[in-house]
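See below for the structure under consideration.
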Amino acid sequence: MSFLLRLVVNAIALVLISYFNFQGIHADTMGDVLIGAVVLGLVNAIVRPLLLVLSCPLVILTLGLFTLVINAVIFYVVLKILPGWHVPGFWAAFWGALVVTIISWIVSLVVRDVASERKRFSP
């Protein structure tokens, strides 16, 4: 999936979380949601791989479950710093990050990049 499509998917997931006030996580305006999606996408693209490499022993030791903690920390820190976002605590961020991950996974299953798959599997 391209980076722009991932930003759109993150924005949709954040809109849903904010609209339903999931675990008390919400944004004040739609502009805050869009800014949150962009910043969260950039941090996930730049900082998350570094954190995964640095915490590789913990990720291996926990059979990948520490990745959920990394996602929750990124989600919590980014949305706590941004003005207009309200995240009550770490556990709310943990469940919010899990919901964003699930929504992103479902959308990526539905919206696949068929052209790149054809190139990869064609003789």
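In segment 66-86, of all residues being of a type in the set (A, V, I, L, M, F, W, C) and closer than 16 Å to A13 by Cα, the one that is surrounded by the most Cβ atoms within 10 Å (Cβ to Cβ) corresponds to F75. Being touching a residue at least 60 places away in the same chain (Cβ under 8 Å) and farther than 20 Å from A92 by Cα is true for just one of S55, S2. Which residue is that? The match here is S2.
For segment 6-65, residues that are touching a Gly at 6+ places or on another chain (Cβ under 8 Å) and among the basic types (K, R) total 1.
Can you find even one residue in segment 115-123 that is in a loop (DSSP other than H, G, I, E, B), modelled with pLDDT under 95, in contact with a helix residue (DSSP H, G or I) (Cβ under 8 Å, 6 or more places away or on another chain) and exposed (fewer than 12 other Cβ atoms within 10 Å of the Cβ)? No, segment 115-123 contains no residue that is in a loop (DSSP other than H, G, I, E, B), modelled with pLDDT under 95, in contact with a helix residue (DSSP H, G or I) (Cβ under 8 Å, 6 or more places away or on another chain) and exposed (fewer than 12 other Cβ atoms within 10 Å of the Cβ).
Residues considered: L34, L63, L7, L79. Of these, the only one that is free of Cβ contacts under 8 Å to residues at least 24 places away in the same chain, in a helix (DSSP H, G or I) and not small (G, A, S) is L34.
So that you can scan it fast, the table gives a plain yes or no per residue for (1) surrounded by fewer than 17 Cβ atoms within 10 Å (Cβ to Cβ); (2) of a type outside the set (K, R); (3) modelled with pLDDT under 90:
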site: F3; (1), (2), (3): yes, yes, yes
site: D32; (1), (2), (3): no, yes, no
site: V43; (1), (2), (3): yes, yes, no
site: P49; (1), (2), (3): yes, yes, no
site: C56; (1), (2), (3): yes, yes, no
site: G64; (1), (2), (3): yes, yes, no
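The values are calculated or read from the model by the stated rules, or taken from the named source; none is laboratory data. The model shown is predicted, which means the values in this text are computed figures rather than measured ones. We place every Cβ from the backbone using ideal geometry, glycine too, and count neighbours over all the protein chains shown.
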